[in-house]
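Step one of this worksheet: look at the structure below.
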Amino acid sequence: MARLSVNVDHVATLRQARLAAEPDPVTAATLVEIAGADGITVHLREDRRHIQDRDLIMLKKMIKTSLNLEMAATPEMLKVALTIKPEMITVVPEKRKELTTEGGLDLRLHRGKDQLKRFIASLKDAGIIVNLFIDPDPEQIRNAHKLGSNGVEIHTGRYADKKDKTLKEKELKRIYNTAVLADRLGMAVHAGHGLDYQNVSRVVQIEEIKEFAIGFSIIARSVIVGIERAVKDMLELVR
Ligand code: PXP
């Protein structure tokens, strides 16, 4: 049975729209846990457009499941990670102007360089599980393995975006092949980005994927039906 980690960034997006005190992502995270989710995910962006440093401190204190912190591999973020010590870090690429993360890390750019390897080792030394967010590409998996990452989160955004049935199936096959390879190499296999109540079921059929990080679709539905119902509906599909 796969686990569901709910990304509550967009509760903070709503709060930051008015620079107000509500809605609070920490309260939302508690309700998400009560609804039965297995973990909470947040992305601390360099520009702090949604999640704030204060949220992280409180989330770490409040949540009882598992905190997955998405972040870029920068010295600033390393300091945050080693202070907060979440259970898991997912390393993502970050561009200031993007609406959301646009793709996985290109680990080919890190070949022969030590920076990312040292970043991963520092987190692991602190007892934090490290995953790298990568596109569904076997070469990226092999590089992630060489860098010493505990696991990978496979980017499902391109699968989610494809309208054409044949192209969608092609993307799904890519995700499947990548998941099988990562699993064979002994890495933890997670997946996320763009998954919703309509498209998640096909990806859930890939047994090698043990955890899903899903945010936007759940928070969007929660505005209409409430967060407990939105999480439970997704849990039913994921499990
Ligand atoms: N996984 C990663 C690495 C992400 O960056 C995001 C978006 O913050 C998600 C999962 C969740 O994506 P979505 O909000 O589209 O469900």
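The values are calculated or read from the model by the stated rules, or taken from the named source; none is laboratory data. Remember, predicted model here, so these are calculated numbers, not experimental data. Glycine also receives a Cβ, built like all others from the backbone with ideal geometry; neighbour counts cover every protein chain displayed. These accessible areas exclude ligands, DNA and RNA; they are computed on the full protein's heavy atoms, side chains included. Shrake-Rupley method; radii C 1.70, N 1.55, O 1.52, S 1.80 Å.
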Among the residues that make up the stretch 136-146, is at least one of them of a type in the set (A, V, I, L, M) and over 19 Å from R239 (Cβ atoms)? yes
Search result, residues across the stretch 60-80 that are out of contact with any Phe, Trp or Tyr (no Cβ under 8 Å at 6 or more places or on another chain) and either within 15 Å of H155 (Cβ to Cβ) or within 15 Å of the ligand (Cβ to nearest atom) (or both): S66, L67, N68, L69, M71, A72, M77
So A188 ticks every box in (1) out of contact with any strand residue (DSSP E or B) (no Cβ under 8 Å at 6 or more places or on another chain); (2) within 15 Å of the ligand (Cβ to nearest atom) but one. Which box is left unticked? (1)
In the stretch 92-122, anything under 17 Å from the mean Cα position of the chain (by Cα) and either among the charged types (D, E, K, R) or under 22 Å from K61 (Cα atoms) (or both) is listed as E94, K95, E98, E102, D106
Qualifying residues in the stretch 193-207 (those that are free of Cβ contacts under 8 Å to residues at least 60 places away in the same chain and open to solvent by less than 40 Å² (accessible area, probe 1.4 Å)) - the one nearest to the ligand (Cβ to nearest atom): L195
Restricting attention to the stretch 209-239, which residues are among the charged types (D, E, K, R) and surrounded by fewer than 20 Cβ atoms within 10 Å (Cβ to Cβ)? K210, R221, E228, R229, K232, D233, E236, R239
Working only within the stretch 170-194, note down all residues that are under 24 Å from V6 (Cβ atoms) and of a type in the set (D, E, K, R). E171, D183
Of (1) surrounded by fewer than 24 Cβ atoms within 10 Å (Cβ to Cβ); (2) among the β-branched types (V, I, T); (3) in contact with a Pro (Cβ under 8 Å, 6 or more places away or on another chain), I154 satisfies every one except (1)
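Take the residues in the stretch 157-185 that are of a type in the set (S, T, N, Q) and touching a helix residue (DSSP H, G or I) at 6+ places or on another chain (Cβ under 8 Å), then tell me which one is farthest from the ligand (Cβ to nearest atom). Break it down stepwise before answering.
Initial filter on the stretch 157-185 (of a type in the set (S, T, N, Q)): 166, 177-178.
Subsequent filtering for residues that are touching a helix residue (DSSP H, G or I) at 6+ places or on another chain (Cβ under 8 Å) retains 177-178.
Values: N177: 20, T178: 15 Å.
My answer is N177.
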I'm checking my understanding of the structure. Among residues of the stretch 88-119 that are crowded, with 16+ Cβ neighbours inside 10 Å and polar (S, T, N, Q), which one is nearest to the ligand (Cβ to nearest atom)? T101
For the stretch 123-139, enumerate the residues that are open to solvent by less than 10 Å² (accessible area, probe 1.4 Å) and part of a helix (DSSP H, G or I). L123
When (1) among the charged types (D, E, K, R); (2) in contact (Cβ under 8 Å) with a residue 12 or more places away in the chain; (3) assigned to a loop (DSSP other than H, G, I, E, B) are applied to K97, the one that fails is (2)
Residue satisfying condition, being of a type in the set (V, I, T), outside any helix (DSSP H, G or I) and open to solvent by 30 Å² or more (accessible area, probe 1.4 Å), within set T13, T65, T27, T41: T65
